[in-house]
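Report on the following structure.
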Amino acid sequence: MNPQTLLEVDSPALLVDIDRMRRNIQKMARFAKECGVELRPHVKTHKVPAIARMQLEAGSKGICVQKVSEAEVFAGAGFENVFITNEVVGRQKLVKLVELAERNRISVAVDNEANVHEISNQAKEAGAEIALFVDVDVGMHRCGVRPESAPALANLISRSEGVSLGGIMGYEGHVGGAKNDAERDRLCRASTDSIARAKREMVRSGISVESVSMGSSVSVWTNAKNPDVTEVQPGMYVFNDGFLMSNKVASPEECALTVLTTVMSTPAPDRAVVDAGSKAFQFDMGHYPSPLERKGLEMIKFSEEHGWLKVSAGAKTPALGERLRFIPYHCCTCVNQHDWMFGFRGEKVETVWRVEARGKMS
Ligand SMILES: Cc1ncc(COP(=O)(O)O)c(C=O)c1O
């Protein structure tokens, strides 16, 4: 498989507009610098070490992942500073975590005392050290302690062997569900208020807080400006997608990731079917992808290998065999459906990346 041009790429296939992606990487790096915060991009979005390297070259401090098995892929590719922004629970995972920490700088989120004890015991036994970040619930109500409970957990971390206090983190993913700008602003403010409160209470208890890490691709544009935030961890900005367009933080011209499809059936003038459905796009957010630069077409239904296109009255029905590209609604889960990514400029395929951390869910 070595296509030289887009025409030679079989479909469905994941395409990356290299110039757009580089612009996205640079825009976020520049913005973080202007705000005086460190940027630690979440690489769960692209899952490709070569792309993470571009983010580091643009000025990132390290990388974030969500899973130990993702951390293994990136550590194996030479990334020594890896933050697992997620709780790691269970013996099998902890054994792997400590193995990683023996050779790399590993940070992990925690929100439970028993978990701190487990990580501490495991790390102490191996002579490793792991930085723990107190995960604070900043309004998403997923994981995380309440802000006022952060000092107790931080104290326990400071007293435990094999671990050190890395700082505090929060993930305000719920901001992306805001109905309008006013609600988005309110949720951003509430999330930074929560993390600031956790920090304040820790400082009051005599704990120094080195790092305050938060920021999704939606909220980062507001929250990176908050004086309490020292680091941001957005992921999807690298590609942008339908979700970020619907949140008005990306334009179609800033979307770097598309899925290439082929029209495989034209059963009626108002209907065409492409060879890519939920298997190629995913459907975790319940929204369909948007056609790229093509008016009068709307994806209205998926089965696993088919995408139904509604052709508006007056619009041209796509021809059998025609190749159409679509911007996925959620880039992270779409990427996880594919083994390869084709990086292109113009019509030329410049690079083919293996999606190395694809399927790393443990
Ligand atoms: C803890 C955490 N941090 C950062 C991110 C990246 O945020 P986004 O995908 O909105 O850019 C995620 C994404 O799920 C996350 O769960």
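The values are calculated or read from the model by the stated rules, or taken from the named source; none is laboratory data. No experiment lies behind these values; they were computed from the predicted model shown. With ideal geometry, Cβ positions are generated from the backbone for all residues, glycine too; neighbour counts draw on all protein chains shown.
The table for this structure:
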{"item": "Residue within the stretch 23-30 that is over 15 Å from TYR237 (Cα atoms) and either within 16 Å of the ligand (Cβ to nearest atom) or at pLDDT 95 or above (or both) present", "result": "no"}
{"item": "Residue list for the stretch 230-243, restricted to those being near the ligand (Cβ under 8 Å from one of its atoms) and assigned to a helix (DSSP H, G or I)", "result": "MET236, TYR237"}
{"item": "Selection count where residues are touching a helix residue (DSSP H, G or I) at 6+ places or on another chain (Cβ under 8 Å) and either within 11 Å of the ligand (Cβ to nearest atom) or in contact (Cβ under 8 Å) with a residue 12 or more places away in the chain (or both), scope the stretch 251-273", "result": "9"}
{"item": "Top-ranked residue of the stretch 106-130 - restricted to ones that are in contact with a Phe, Trp or Tyr (Cβ under 8 Å, 6 or more places away or on another chain) and among the small types (Gly, Ala, Ser), ranked as farthest from VAL89 (Cα to Cα)", "result": "SER107"}
{"item": "Residues within the stretch 252-273 that are in a strand (DSSP E or B) and closer than 14 Å to ILE327 by Cβ, tallied", "result": "5"}
{"item": "Failed criterion for TYR171 (all others in (1) assigned by TED's automatic domain parsing to the domain that holds ILE63; (2) among the aromatic types (Phe, Trp, Tyr); (3) over 18 Å from PHE133 (Cβ atoms) hold)", "result": "(3)"}
{"item": "Enumeration of residues in the stretch 156-177 that are surrounded by fewer than 22 Cβ atoms within 10 Å (Cβ to Cβ) and within 13 Å of the ligand (Cβ to nearest atom)", "result": "GLY173, HIS174, GLY176, GLY177"}
{"item": "Qualifying residue in the stretch 131-139 (condition: surrounded by 16 or more Cβ atoms within 10 Å (Cβ to Cβ) and over 15 Å from MET214 (Cα atoms))", "result": "yes"}
{"item": "Condition check for ARG354: touching a residue at least 12 places away in the same chain (Cβ under 8 Å), within 16 Å of ILE18 (Cα to Cα) and among the basic types (Lys, Arg)", "result": "yes"}
{"item": "Residue match in the stretch 44-51 (condition: farther than 26 Å from ASP17 by Cα, touching a helix residue (DSSP H, G or I) at 6+ places or on another chain (Cβ under 8 Å) and more than 13 Å from the ligand (Cβ to nearest atom))", "result": "no"}
{"item": "Test set (1) assigned to a helix (DSSP H, G or I); (2) within 16 Å of the ligand (Cβ to nearest atom); (3) more than 23 Å from GLU350 (Cα to Cα); (4) not hydrophobic (A, V, I, L, M, F, W, C) - GLN55 fails condition number", "result": "(3)"}
{"item": "Counted residues, the stretch 153-206 - those being farther than 25 Å from ILE119 by Cα and either in a strand (DSSP E or B) or small (Gly, Ala, Ser) (or both)", "result": "9"}
{"item": "Top-ranked residue in the stretch 207-225 [being within 16 Å of the ligand (Cβ to nearest atom) and either of a type in the set (Gly, Ala, Ser) or in a loop (DSSP other than H, G, I, E, B) (or both); ranked as surrounded by the fewest Cβ atoms within 10 Å (Cβ to Cβ)]", "result": "SER211"}
{"item": "Selected residue (only one of GLU161, GLU201, GLU172, GLU183 is among the charged types (D, E, K, R), more than 28 Å from ASN104 (Cα to Cα) and touching a residue at least 24 places away in the same chain (Cβ under 8 Å))", "result": "GLU201"}
{"item": "Subset of the stretch 64-95 that is within 16 Å of the ligand (Cβ to nearest atom) and either at positive phi or assigned to a helix (DSSP H, G or I) (or both) - its residue that is surrounded by the most Cβ atoms within 10 Å (Cβ to Cβ)", "result": "ALA71"}
